[in-house]
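For reference, the structure is listed below as structure tokens.
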Amino acid sequence: MLTRLQEWPRTSFVREPTPLIQAPNLAQTLGRTPADVLLKMDAESGFALGGNKARKLEFELAPDRLKGATHVITCGGPQSNHARLTAAAAARLGLKCVLVVNGDTPPPHKGNAYLHRLFGAEIRPVATQKDRDPTMAEVAAEVEADGGHALVIPLGASTPLGSLGYVRAATEIDAQLRDHPHAGDTWIFVSASSCGTYAGLALGFTLLERTDVRLVGVSADISRAEILDLTERLATRAGELLGAHAPLLTGLLHPTDDYVGPGYGIHSDASEEATALLGRTEGVLLDPAYTAKTAAAMLDWAQSGRIPREDRMILWHTGGYPTALAL
Ligand SMILES: Cc1ncc(COP(=O)(O)O)c(C=O)c1O
């Protein structure tokens, strides 16, 4: 099954492997050894300011899917990281990009909103999230009527196909962890929203039979039940693409919605503290919507004793640098 993944057509955007680094000063603050606190830096993926979506786009924008394509269409909020990376990928592939962006007031053109335009995307504003899918379909029909062909990428590229990017990422960190042998379990904290990242990793660690991995999916917005439902559905369908039909490993998924705080993209006290701590101890920048809340969860679980002393923890940094500086 993993051989099928290696052979799957894809366009390369990520400079692989992304760094897996120790965070010794953070570890000291948490009373752990340097080997027990690691950062997996997908923020440093080497493409258009980094982040998790590039891995999914490698599969969504594979050469076989691009035959005859003139346009790529996707959607998101005004500060969407996914929209930024899609615009950059389209630019690199010589395709036009249309971004359907929701929001009732025109946002200041900072952060990702600035980069969407810099990377040459045309912006189609819509009032609400509900308008996004019908408008993407309308834009695609317009492109076809003009003799072009559009590839529509759903929100967050969190499709079964896009999730394969994170199955691949699981194999990548699995290889890196061979250089960091460890007796206890490994707790990996990763942000979950449209859940393609979480589902891909869950499927990957299942196929790798990593029974020592505990995958904590930290919600940026949705409920714990929604994370579980979305993740299981995406992982099942991604597994089918690879010819895998077994359920996810028991004890692998640990989703939580305890760290959303006041809402999507708005700091909680805990996420602000996590941002300050990672900055001060390791010179690492977190974003307010995703990685700050994921780090807040990891710090809380470490400090409250939910991660046993013999285990180690990894913060999977999924990016978001532009919003870290723009919001
Ligand atoms: C920086 C960052 N981290 C994490 C996520 C969440 O990933 P997913 O949508 O695959 O759950 C996103 C999604 O937009 C993101 O931009």
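Among 134, 145, 66, whose Cα projects farthest towards the positive end of the dipole of region 62-152, with charges put on the beta-carbon of Lys, Arg (+1) and Asp, Glu (-1)? Farthest along the dipole direction, towards plus: 66. Just the Cα atoms of region 62-152, one point each, no solvent: what log10 I(q)/I(0) does Debye give at q = 0.11, 0.12, 0.14, 0.19 Å⁻¹? Taking Cα atoms of region 62-152 as identical point scatterers yields -0.28, -0.33, -0.45, -0.81. Here the contact order of region 188-327, divided by its residue count and restricted to Cα pairs under 8 Å and six or more residues apart, works out to 29 percent. Short-range pairs are left out: with C-alpha atoms under 8 Å and at least six residues apart, the relative contact order of the chain is 21 percent. Evaluated with a Cβ-only charge set (Lys, Arg +1; Asp, Glu -1), region 62-152 carries a dipole of roughly 420 debye about its Cα centre, given to the nearest 20.
Would you please state the base-10 log of I(q)/I(0) at q = 0.11, 0.13 1/Å for region 1-147, with intensities from the Debye formula using one equal scatterer on every alpha carbon? Once normalised to I(0) and log-transformed, intensities are -0.53, -0.69. Surface analysis of the chain yields an accessible area of 41 Å² per residue, using protein heavy atoms and a 1.4 Å probe. Computed from the alpha carbon positions, the gyration tensor of region 1-80 leads to an equivalent ellipsoid with semi-axes of 34, 17, 9 Å, biggest first. Measuring nothing but protein heavy atoms, the accessible surface of region 62-152 at 1.4 Å probe radius is 56 percent carbon and sulfur. The charge dipole of the chain, taken about the Cα centre with unit charges on the Cβ atoms of Lys, Arg (+1) and Asp, Glu (-1), comes to about 520 debye, rounded to the nearest 20. Near the amide H of residue 124, within less than 5 Å, lie the amide hydrogens of 99, 100, 101, all on another chain or at least 5 residues away, with H placed in the peptide plane.
Of the accessible area of region 275-322, with the probe set at 1.4 angstrom, what percent is carbon plus sulfur? Carbon-and-sulfur percentage of accessible area, whole number: 51. A protection proxy built from the mean count of other Cβ atoms within 10 Å ranks the segments 170-181, 191-202, most packed first, as 191-202, 170-181. Relative contact order of region 62-152, taken over Cα pairs closer than 8 Å and 6 or more residues apart, is 37 percent. Stokes-Einstein diffusion of the chain at 25 °C, 0.890 mPa s viscosity, Kirkwood radius from Cα pairs, rounded to a whole number: 123 µm²/s. Can you list the lysines whose alpha carbon is less than 28 Å from that of residue 293, not counting same-chain residues fewer than 8 positions off? Leaving aside lysines fewer than 8 places away in the same chain, those within reach of residue 293 are 40, 53, 56, 110, 130.
In region 174-327, inverting the average of 1/r over every pair of distinct C-alpha atoms gives 16.0 Å as the Kirkwood radius. Protection proxy ranking, highest mean first, for peptides 255-267, 72-84: 72-84, 255-267, where packing is the per-residue count of other beta-carbon atoms within 10 Å, averaged.
The values are calculated or read from the model by the stated rules, or taken from the named source; none is laboratory data. Note that this is a predicted model, so its numbers are computed, not measured. Heads up, the Cβs are rebuilt from the backbone with ideal geometry, glycines too, and the neighbour counts pull from every protein chain shown. Ligands, DNA and RNA are stripped out before the accessible areas are found, and what is left, the full protein with its side chains, is counted by its heavy atoms. Shrake-Rupley method; radii C 1.70, N 1.55, O 1.52, S 1.80 Å.
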